[in-house]
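No value in this document is a laboratory result; all are computed from the given coordinates. Since we're looking at a predicted model, the values are computed, not measured. Every residue, glycine as well, gets a Cβ built from its backbone with ideal geometry; the counts of neighbours run over all protein chains shown.
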Amino acid sequence: MQLLPELIDRTIDYLHDSPSALRACAHVCRDWVAPSRFHLFYHCEIKPSSTSTVRLQTGELLEFLRGSPHIAFYIREFHFSVDSIFGMPDSDWPQLNAALPHLLGMLTQLRKLVLHGIRFTSFAPDTRAAFRALFALPCLVDVKVRHLKVAKLEHFTTLLCSPLKRLSVYVFLGEDFGLNIRAVDEEVKAVELQKRPPCRLEYLYADCDMFVRWLLGPQTMIDISAVRTLDAWCRTESTEGLMARLLRRLGPSLEDLSIQLHDIDGWGTPFLI
Amino acid sequence: MNAHLDGSPTEDTIDVECNPNIRRLTVRAGFNRPLASYLKYLLSGLSAPNIQQVTIWGVVWSREDKDWGGWSEVDQVLDGVKFGGLREVAIVVYTHQDMDFIHQHFTDQFPSMFDRGILAIRKGY
């Protein structure tokens, strides 16, 4: 008896959070392989731990995908973090820079990219080019960056491309004074000359003054007139002031608003109206 | 939140007067009188006929803390005509305290929302 494909999809979708069940399903028959792999490889994460480094995980994933390149088409979410208490030894960077361009180049079906603790200016030119290509994928609609370190804000903002619909920018921890600032400046100039259409965001999370101030400035890279959902995290009084301006700018497009107010322990003066 | 020394709002205080199409509004902070006063200000300035859900997330440190009252005025604002379409007012509480006590406290503070059957009081994770 042959099951309808919709029924197979429904059954396997139900098991989306059970890797062991999905692995078993992938062995049932040929028709069950693709829908099982869709969930098994949908989300892929590289994150330092006490037992494995970013360099090792990157190398292992690259080796695996080179052996089974068709698996890369199933990867829709990629989380890449180099920020942790374990740190990353300087000696790991050359190997990471050698592997990353090849790995990133295989992720052609990505919908969501999460970057944590990236020092963009410090990457080798090929790695930066691979990241630019990743951000330019027509299918990439969701980007989340946390503790990104850049020498200049435009080193990050010029990565953003028009298909993007959801953007989350967490704290910029600090500046990255890598040796490549001038080289990245040249790359930024080349991007700016392309005169790309702006990203028309529907979702925005922001909690840092530098980015929101830029967003409200004369920039033309991000169009916020269609933002329907805003997560406004006000870590400081100045962030709240910027968010107040942002809300006025968003106007009638906004449907869903979350506000995190700062200094919840320190409030002493009642807010009188 | 940003306020003048006398407690009045400044131009750097978040308001939603320019956002008439808000359907869901969530505010995360500590439950205290300044927040209740601020929410009264925020909601009073909102004219969004389609608003369906208001959620307030906060922390309650101690049941002896007398500073986490003052919410009945927020309840009065939410009971106004312009909030007629509300489907839920959710209070999400982060606390180690007894939830029964907290539940009763907020039920007493939001009598109109409770009577309309749209008050939901939950424990945060």
State, to one decimal in nm, how far the label point of A:S225 lies from the label point of A:E192, with both points 7 Å from Cα in the Cβ direction.
2.4
Using a Förster distance of 30 Å, how high is the FRET efficiency between B:C18 and B:Y94, based on the Cβ-Cβ distance and rounded to 0.05?
0.45
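So if I place +1 on the C-beta of Lys and Arg and -1 on the C-beta of Asp and Glu, and nothing else carries charge, what would the dipole magnitude of the protein assembly as shown be about its Cα centre? I want it in debye, nearest 20.
Values: 42 positive and 48 negative charges, 254 e Å.
Charge dipole, the protein assembly as shown, about its Cα centre: 1220 debye, nearest 20.
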Using the Kirkwood radius over C-alpha pairs as Rh, can you work out the diffusion coefficient of the range B:24-123 via Stokes-Einstein at 20 °C, viscosity 1.002 mPa s, in µm² per second?
159
Volume of the Cα convex hull of the range A:33-77, divided per residue and given in Å³
75
Please report the spacing between the Cα centers of the range B:94-116 and the range A:1-77 in Å, no decimals.
45
Whole-Hz Karplus couplings 3J(HN,Hα) for the range A:90-100, θ = phi - 60° and coefficients 6.51, -1.76, 1.60, Gly and Pro as x, run 4, 5, 7, 4, x, 5, 5, 5, 6, 8, 4
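Based on alpha-carbon atoms only, what is the radius of gyration of the range A:1-95 relative to the globular estimate 2.2 N^0.38 Å? Display every interim value, and only then the final one.
Working: Rg = 16.7 Å, N = 95, 2.2 N^0.38 = 12.4 Å.
In units of the 2.2 N^0.38 Å rule of thumb, it is 1.35.
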Taking every DSSP beta bridge that has both residues in the protein assembly as shown, what percent is antiparallel when rounded to the nearest 5?
0
Using Cα pairs closer than 8 Å and at least 6 residues apart in sequence, work out the relative contact order for chain B, in percent.
24
Using the 2.2 N^0.38 Å rule of thumb for compact globular proteins, work out how the range A:198-264 stacks up: its C-alpha Rg over that value, please.
1.03
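Could you tell me the relative contact order of the range A:198-264? Use alpha-carbon pairs under 8 Å, at least six residues apart, and round to a whole percent.
On the way: 108 pairs, mean separation 24.9, N = 67.
Dividing the mean separation by the residue count of the range A:198-264 yields 37 percent.
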So for R0 = 30 Å, FRET eff. of A:H79-A:R249 from the Cβ-Cβ r, to 0.05, ends up at 0.45
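Suppose R0 equals 22 Å; then what is the FRET efficiency for A:R23 and A:Q2 from their Cβ-Cβ distance, rounded to the nearest 0.05?
Details: r = 23 Å, r/R0 = 1.03.
Result of the calculation: an efficiency of 0.45.
Counting alpha carbon pairs within less than 8 Å and at least 6 residues apart, what relative contact order, in whole percent, applies to chain A?
Values: 458 pairs, mean separation 29.3, N = 273.
For chain A, the relative contact order is 11 percent.
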From Cα coordinates alone, what are the radius of gyration and Dmax values for the range A:1-159 in angstrom?
17.5, 62
Under a plain spin-label model, where a point goes 7 Å from the Cα along Cα-to-Cβ, how far apart in nm are B:E73 and B:R87?
3.1
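For the protein assembly as shown, what does the helix formula give at 222 nm: sum of -39500 (n - 2.57) over DSSP H segments with n ≥ 4, over the residue count, nearest 500 deg cm²/dmol?
Calculated mean residue ellipticity at 222 nm is -10500 deg cm²/dmol.
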Subtracting the Cα-Cα distance from 0.36 nm times the residue separation, let me have the gained length for A:A183 to A:E63 in nm, one decimal.
40.2 nm
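Write down, largest first, the equivalent ellipsoid semi-axes of the protein assembly as shown in whole Å, where each equals the square root of 5 times an eigenvalue of the alpha-carbon gyration tensor.
Numbers: eigenvalues 353, 160, 85 Å².
For the protein assembly as shown, the semi-axes come out at 42, 28, 21 Å.
To the nearest whole number, what is the average tally of beta carbon atoms from other chains within 10 Å of the beta carbons of peptide B:71-81?
On the way: counts 0, 0, 1, 0, 0, 0, 0, 0, 0, 0, 0.
Counting other chains' Cβ atoms within 10 Å and averaging over B:71-81 gives 0.
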Using alpha carbons only, how many degrees (0 to 90, rounded to 10) separate the axis of helix A:237-250 from the longest principal axis of chain A?
80
Take the Cα gyration tensor of the range B:64-125, multiply each eigenvalue by 5, square-root it, and list the three semi-axes largest first, rounded to whole angstrom.
21, 13, 9
Ranked A:F64, A:F156, criterion: other C-beta atoms within 10 Å, fewest first:
A:F64, A:F156
